[in-house]
Every structure is written in C-alpha cells, then in structure tokens.
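For reference, the structure discussed in these notes is given below.
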Amino acid sequence: MANKIDRVPVREQAPAVRARNFDEVCYGYSVEEAMLEATRCLGCKNPMCMTACPVSVKIPSFISFVKEGKFAEAAGVIAQDSSLPAICGRVCPQESQCEGSCILGKKGQPVAIGKLERFVADWCRDNGVKTHAEIRRNGIKVAVIGSGPSGLACASDLAKMGYDVTIFEVLHKAGGVLEYGIPEFRLPKEKVVKPEIENVKALGVKIETDVVVGRTVTIDSLMHDEGFKAVYIASGAGLPKFMNIPGENLNGVVSANEFLTRNNLMKAYDPDYDTPIYVGRKVVVVGGGNVAMDAARTALRLGSEVTIVYRRTEKELPARAEEVHHAKEEGIVFRMLSNPVEILGNDKGWVKGIRCIRMELGEPDASGRRSPVPVEGSEFDIETDVVIMALGTSPNPLIASTTPGLEMNRKGCIVADEDGATTREYVFAGGDAVTGAATVILAMGAGRKAAAAIDKKLKNNN
Amino acid sequence: MYRIVRKENLAPNICLMEVEAPRLAKSAQPGQFLIVRVNEHGERIPLTICDYDREKGTVTIVTQIVGSSSRRICHLDEGECFADVVGPLGQPSEFINETEDVLRSKRYLFIAGGLGTAPVYPQVKYLHEKGAKVDVIIGAKNKDLVIFEKEMSAVCDNLHICTDDGSYGKKGMVTDMLKDLMAAGNKYDQAVSIGPMIMMKFVTLTARQFDLPLIVSLNTLMVDGTGMCGACRVTIGGKTKFACVDGPEFDAYLVDFDEAMRRQGMYRSEEVEADHKCKIGLGE
C-alpha cells in the first residue's frame, strides 16, 4: 500500500544566493528523501507515467527498487530505455509527460519522478556503479552527426548493438545543446554532462570534434570514402530567429544562442576564460520558452536587472513550470502580453531601449493557443542596454544543402518518417533537425528509434 | 591535435603558421575561413585560410598581434599545437564555379591591405593556375609590414605596392593606386578587396567611380562560425545576412560598412576605445 504523505520537497539554493552564482539551483534528494518519496508511488498496473514518457522508461519498476534502497538495480531498469538519466531528470518537462500523467496528480501532487530519476543517476555516478552489459562488436561503421541528446542516444544504442560508431561534432566540445545552450545552474557540465558523455564513450563510441559536416566532410564522403554504412543526422536546430524589426542590428542586441554560447560553452562568467560578454545594467529578454528563461537567469547572475517580454500570458509560456517558478523567485520581472516593435538606439548605435505594443488574446491558432493581437496605439518603451532575442531556432540547412537527394521541408527541417528514414537510403535523421526546436527527451526518443531502424536496415541488407 | 609544422615571422608582430589539419586541408577552397582556439580557455578566433596543401594535410594562417588572443596565437612555437582548428567555413569565392575557359578570358584586380594580403594569395594563385589575368595591389603602413611580396609576384601578372609612409613602393593608399591604374586605362572584369573594414569601405567608394564590380571579404565578430550565434550579422542590400554562412564575401556595393564597423566594436572594452587614436582621421 502506498504511503499517503505529501510530496517530499527538494532542497534548493536560496533564491537571493543563487541569483549571484552559477552553481546548480536544485540539490536533489538525499538517500532518505528519495526512499521516502518512492513510497508514494502506487505502482499502477497500467502505468500512465510510462505511456507519457517519450522513451517509455519503466517508471514504477525503477521506483520500486528505489523504495527498497536498491539504487543500482533501479539504474539498470532506467538504462534499458534511457542513456542520459542524470540529464533527463534535470531538464525533461515532467509536468507535461510522466508526472503530468501520474494518477496521484489528479487529487494532489504527482510522484517526483524526475527528481527520483536524477537521484538514481547521481547516486550511480557518485558510487562508481556502471550499468553497461557486455557488447559483441560487429565492426560495421555508422556515423552520427551531432553530439547532442539525439546523437548520443542513437550512438549509445547502436554501440550496444555492436556497431562501430563515430560521432562528428562541429564545436570543440561534445554535448550539443547540453553544453552550449543549457546553463550550468540547471545542468552542471563537469558533474553531470561530462560523465554522461564518458559513459557513451565507454561503450566504444568515438567522438570527433571540430568537424563541419557539409564543409569539412560531406555525408557522401563519409559513406563513399570512409566506409560508413549508415548515417544518423542529429544536427539539431541551431539557427537563431530574429524579429526583423527596426534596430535589431544595434550593438547590444544578441541572440540567446550567442549569449548562452558565450556563457555556457565559452564560460564567459569564469574569469579564467578569455571569452568577452556584454553585460548590461538592464537586460530585456524577448520570448517565453526555456531558452528565454535560461538567458534571463544567466543575465541576472552576471549582475543585470532582467525583464522578460512575452506576447501571450503566463498560461501560454512554453517553458518548464519549474524554470518559470525559479525565474520569478530570483526576481526576474515578467511583462506579459507585450510584443517588441522596435529597438531604440543612442547616437553611437548602442541599444537604449525597446518599444513594445500591448497585446490581447484572440482566437486559438493552429497550436491551439489563443493568438495574441496587438492593441492599437498602446506602444510603450522599456529602458534597457541589452536585448536578447529568444524566439526559437530552426535547423541549419548546411547538411541538407550539401547532400543530394536529402529532402528538406519549407521550415528547413529534414524530412524523415517515424523511424527517422529520410529520402536518402541509409541516411536517417531525428531530433530538432527534423522536428524543429523541441526537447531533450523527444530528441533522445528519436535517436533511439532511428538506432533500431538503422540496425534493421543494415541487418536486412546482409 | 593540430600541430604547427612551420612558423615564420613575416614582419614585426605578423607571423605565418602552417598547421596540420588534414580533413580541413582536403576540403578548403579560396575565400573560406577557419576558426582556431589556442587552448582550453581561449576564444574561438576566425582567420582566413591563406593557403592549403592537400598532400601534406596542412593549412596556412597569418596572424597579426592586435590584442590578447592574437598574441597568444603568435606566441605558439613550431611543434606546438592548437587546441582546435575547424573549417573550412563560409562560402568559397564565386569564381570557383567558373570553367577554365571563362576564367582564361577574365582579368581580375585584387586590392589587399596589410594582413589582408595573406587571404588574397590563395585566390590569386587559384586564378593564375586556371589561366586568368590577375593584377594585385598591396598596401601597407610601411616597408616592414609588406608581406607575401615574393609569393604574390610569382602568381600574378602585375604587382603594385604602396605604403602609407612611402618607405616602399609608391607613397599613398591603395585607393590612390586604384585610381592610378584606372586612369592608366586598365580594364578589369572583377575586383576583390580584402583588408581592414575601413579600407574596404574606401576602396568601395573609389571603385564606384569607375563602375568596377567589387567583392569584399568581411571579417566580422563570430563565435561558432556555423550560423548559430548571429554575432556576425551584417546588412547586405538592406537585408540581414550572417557573414559566417552567407559570406564572408559579398558584393561591396550592397554592404552597410558603417554598421559593420560599429558591430565589430561590440566587445571592445571602453578603455581600448579611449586609448585608440585614429590614424586615418576618422571621428574628428
């Protein structure tokens, strides 16, 4: 019988303290807290949480091991379906997936599945427990383009099946968005990302950095000259969007990608690094997704006063609930139902403000959300030195444009079916490169599906 | 690792390095650039590719010490390694799509300023090998800063050198030399200018007087160099383009040079600005 107690709260750094450092916000559960929280799980026969998980982690099963204090066994259960549990436990939108479907959530608080997953992964890393089974190598070469969540998930599955996998990464460090996008205070690099990548390498996966597929090599050169029998494209959605409003090229206007890359991958916040970053006294972040929250909270930690401008209401914010909650706690100001129309500059060409127009919600659009409509004559200015555009990203067309026969849709996404098969035989694709910007877990799910499809395709062929 | 197999000091504070980067050397084309990182704590620094040897698997870069990052590059010695060398990046020069027949009938003029002489070299070499006629103007502050003279003269038809102080070649700016060549009745199908942004701006103003088609290579700020960050945004014909993936070469007459120069200073600290005395009479 499940324990009818309230959800065990997770310890966090106090908002006023963490607003001035880049250390992780959430401390995670202790052994006692995790085992106590695990007793809340009803162990449903038809677990809705598992159905709602994009990679179908056997949630009640791993939680039952946590309840008994068998953490290595719990990790073994998770490892059957997820290769990056320490990351997913931290960045998945649990409220709209596993926890959103938890039966306990109907009347009270759902089981803290994300925090339990994170606990299991952290416990294994801290106690040196490995979950890898023995691998029978088949020597067949498969190339994976991009070392973000989708590429890592696909590569580790293929390696477990015995394939000789090489990941090609364009940046100098593996991890993709886990390195350049998501900040340290949400996803620690040395403590969490690096060990997860080391785990993938321990499976025999090779990672070659500084390779621009489409420039340094092409899909065709990899297949014809280097003997790769199949390719999985997981190049993500890296191109920033801008609004095309006046003043967008003023000094002080940056994409969230640039701001976050300078700070995360290039460690601008650390005085030991040479990377410059422009820290405004006041910063306006435009957008309402996770990237907007990350950029805002990063700017705050660098010492700026931060305002988020979003054109809909709080209800429509696409960011994870926890990030919005944390951002508010830390003192970030939200200006809802506001949309920029112009960025204002001084006579030297630097940003001095942003002109917005008030919005009201009209009819629901294609996404089901009520679309914002400008209120005529309601323009107002916000004084600021920096504007960070966090409006979403789209896939880089470089690979598709240098691979004959690989079809792209109008949004610049690679066309692929459920299993990741593209219009080119033996070339698969998944994650943000196919869907446009989405989540870590969906990208991982696509990587795992493609790994299975690549295996099937190559086996049928032999 | 990306080992430096040869280092040569071309002038005070200017060094040439030949670096092992086999995949890059195999795929590099004239007009493209690369990004280096000296060490784990270093910036990603975009540099134009100055030469490549596909057999040896090496690429050549030329750097001038202007700040702390370029100083770190030039302080590396032969045998030492860069943490990273990535590329080739950007679009190759348009002329690589032309057939040899077409190129043989063309006459090009390259206008290089200072360090910009180095990236001009692979373009001139390529065109010369394909049979095009090529003239080159090299401009530098003084005699010591004239680089690639010997290499360039081996691959071009006419080499014109000018220096600001007259210590070598003709005294004057590249724009004066350009006017002289045009006044002497020279006709060119295409001109290409690479150098400091301010020089390219004035070359553009001069070339316009002669209706001379002109391409410039923009050395903007960049982080990743693959289209991710947008730091390299430039306005070309009223539209925003990314120099890293849409360029670095653009039709000179469409470039908003004033914006490009302002954006180059985005991360320059105020002290440096205050310390810098303009030597060519701007901002007065």
Unit charges at the beta carbon, dipole of the stretch A:143-259: most positive-side option, A:PHE228, A:GLY146, A:ILE182: A:ILE182
Calculate log10 I(q)/I(0) of chain A for q = 0.11, 0.12 Å⁻¹, where I(q) comes from the Debye formula with a single equal point scatterer on each Cα and nothing for solvent. -0.93, -1.10
If you put +1 on each Lys and Arg Cβ and -1 on each Asp and Glu Cβ, how big is the dipole of the protein assembly as shown around its Cα centre, in Debye rounded to 20? 1300 debye
Projected area averaged over all directions for the convex hull of the alpha carbon atoms of the stretch A:80-216, nm², comes out at 9.5 nm²
Where Cα atoms sit under 17 Å apart: lysine pairs in the stretch B:28-134 separated by 8 or more or lying on different chains: 4
The answer for B:GLN29, listing residues at least 5 apart or on another chain whose modeled amide H is closer than 5 Å to its amide H, is none
Rule-of-thumb check for the stretch A:1-135: C-alpha Rg over 2.2 N^0.38 Å? 1.03
Gap in Å between the Cα centre of the stretch A:406-462 and the Cα centre of the stretch A:278-316? 33 Å
Long-range HN-HN contacts of A:LYS141 with modeled amide H, under 5 Å: A:ASP164, A:LYS229
Please report how far the C-alpha centroid of the stretch A:189-246 lies from that of the stretch A:105-128, rounded to the nearest whole angstrom. 29 Å
Send over the per residue convex hull volume for the stretch A:78-159, Cα only, as a whole number of Å³. 114 Å³
Accessible surface of the stretch A:47-205 [probe 1.4 Å, protein heavy atoms]: carbon and sulfur percent: 53 percent
Applied in sequence order to the stretch B:169-182, the curve 6.51 cos²θ - 1.76 cosθ + 1.60 (Karplus, θ = phi - 60°) yields integer Hz couplings, x standing for Gly and Pro, of x, 7, 7, x, 8, 4, 5, 5, 4, 4, 4, 4, 4, 5
Mind listing P(r) for chain B? All alpha-carbon pairs, 5 Å bins, whole percents. 1, 6, 12, 17, 20, 19, 14, 8, 3, 1, 0
Per-residue mean of other chain beta-carbon atoms within 10 angstrom of the beta-carbon, peptide A:203-213? 3
Residue by residue through the stretch A:309-318, which ³J(HN,Hα) values in whole Hz follow from phi under the Karplus form 6.51 cos²θ - 1.76 cosθ + 1.60 (θ = phi - 60°), with glycine and proline marked x? 10, 9, 7, 10, 9, 4, 4, 8, 3, x
Between Rg and the Kirkwood Rh of the stretch B:2-89, both from Cα atoms, what is the Rg to Rh ratio? 0.93
Read phi for every residue in the stretch A:171-177 and hand back ³J(HN,Hα) as whole Hz from Karplus 6.51 cos²θ - 1.76 cosθ + 1.60, θ = phi - 60°, with x for Gly and Pro. 7, 7, 9, 6, x, x, 4
State the Cα centre-to-centre distance between the stretch B:137-188 and the stretch B:5-65 in whole Å. 25 Å
Of B:LEU47, B:LEU109, A:LEU391, which has the most accessible area and how do the rest follow, probe 1.4 Å? A:LEU391, B:LEU47, B:LEU109
Accessible surface buried upon B-A contact (total; probe 1.4 Å; Å², nearest 100): 3500 Å²
For the stretch B:1-131, give the percent of accessible area contributed by carbon and sulfur heavy atoms, probe 1.4 Å, rounded to a whole number. 44 percent
The local net charge around A:VAL205, scoring Lys/Arg +1 and Asp/Glu -1 for residues other than A:VAL205 whose Cβ lies under 11 Å from its Cβ, equals -1
With Cβ to Cβ distances under 13 Å as the rule, what net charge do the other residues near A:ALA451 carry (K, R +1; D, E -1)? +2
The stretch B:2-30 scanned against label point 7 Å out from B:SER167 along Cα→C-beta; backbone N under 14 Å for B:11-14
Counting only protein heavy atoms and leaving out ligands, DNA and RNA, the solvent-accessible surface of B:ILE96 at a 1.4 Å probe, in Å² to the nearest 10, equals 40 Å²
As a quick test, which of the pairs A:LYS160/A:LYS457; B:LYS179/B:LYS241; A:LYS58/A:LYS449; A:LYS45/A:LYS160; A:LYS241/B:LYS241 have an alpha carbon distance above 21 angstrom in this structure? B:LYS179/B:LYS241; A:LYS45/A:LYS160
Residues of the protein assembly as shown: accessible area per residue at 1.4 Å, in Å²? 42 Å²
Run lengths n ≥ 4 of DSSP H only: what is the helix-derived mean residue ellipticity at 222 nm for the protein assembly as shown, with -39500 (n - 2.57) per run over all residues, to the nearest 500? -8500 deg cm²/dmol
Charge dipole magnitude, Cβ of K and R +1, D and E -1 - the stretch B:139-277, Cα centre, debye nearest 20: 200 debye
Based on Cβ point charges of +1 for Lys and Arg and -1 for Asp and Glu, what charge dipole magnitude is obtained for the stretch A:95-244 about its Cα centre, in debye rounded to the nearest 20? 360 debye
Residues from the stretch A:263-283 losing no less than 20 square angstrom of accessible surface in the full protein assembly compared with the chain alone, 1.4 angstrom probe, ligands and nucleic acids excluded, are A:MET266, A:ASP272, A:TYR273, A:ASP274, A:PRO276, A:TYR278
Which percent of Cα pairs goes in each bin when the distances of the stretch A:249-379 are cut into 10 angstrom slices starting at zero? 12, 38, 35, 12, 2, 0
In the neighbourhood of A:ILE63 defined by beta carbon distances under 15 Å, the net charge of the other residues (Lys, Arg +1; Asp, Glu -1) is +1
When every alpha-carbon pair in the stretch B:94-217 is counted, what percent end up more than 23 Å apart? 23 percent
For the stretch A:167-206, divide the Cα radius of gyration by the Kirkwood radius and give the resulting Rg/Rh value with two decimals. 0.97
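The values are calculated or read from the model by the stated rules, or taken from the named source; none is laboratory data. Just so we're clear, the structure is a prediction, and the values are computed from it rather than from any experiment. Positions of Cβ are backbone-derived with ideal geometry, glycine not excepted, and every protein chain shown enters the neighbour counts. These accessible areas exclude ligands, DNA and RNA; they are computed on the full protein's heavy atoms, side chains included. Shrake-Rupley method; radii C 1.70, N 1.55, O 1.52, S 1.80 Å.
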